[in-house]
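Asks: Please see the structure below; I have some questions.
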Ligand code: FES
């Protein structure tokens with residue numbers, strides 16, 4: 001099973017292949033924000049990929065357009081609800097309580 005490490009919590013969990021970063025977080029009680037419920041409409045689930053970007057699904061147009069309107073976006077930014085896990089990845093959550 002692919003492993004996802006969430007920073008800054010330094011928590012590593014197993015993901016079901018094909019689940020999104022958000023689905024993986026919620027399955028393990030990791031507090032990744034998701035104001036719109038995972039429908040690519042809010043950007044609160046934004047994460048930055050530290051390692052393993054090649055192990056995430058490719059960005060689709062809807063995610064690209066949504067991220068263009070978000071604050072503090074970097075080239076390694078993804079939306080947790082849209083990025084699907086296919087292998088090990090380390091991500092940093094942008095919105096942390
Ligand atoms: S949860 Fe709203 S865009 Fe991902």
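Asks: For every helix of n ≥ 4 consecutive DSSP H residues, a contribution of -39,500 (n - 2.57) applies; sum these over the chain, divide by its total residues, and give [θ] at 222 nm rounded to the nearest 500 deg cm²/dmol.
Replies: Values: 2 runs with 15 residues, N = 97.
That comes out to -4000 deg cm²/dmol.
Asks: Test of understanding: in a Gaussian network model of the chain with alpha carbons linked when under 10 Å, which of 14, 68, 51 would top the mean-square fluctuation ranking?
Replies: Among 14, 68, 51, the largest mean-square fluctuation in the Gaussian network model of the chain belongs to 68.
Asks: Next question, about the same structure. What's the Cα-based Rg to Rh of the chain, Rh via Kirkwood? Write out the running numbers ahead of the final one.
Replies: Details: Rg = 11.7 Å, Rh = 12.8 Å.
Result for the chain is an Rg/Rh of 0.91.
No lab work stands behind these numbers, since they all come straight from the coordinates. Every value quoted in this text rests on a predicted model; they were computed, and no experiment measured them.
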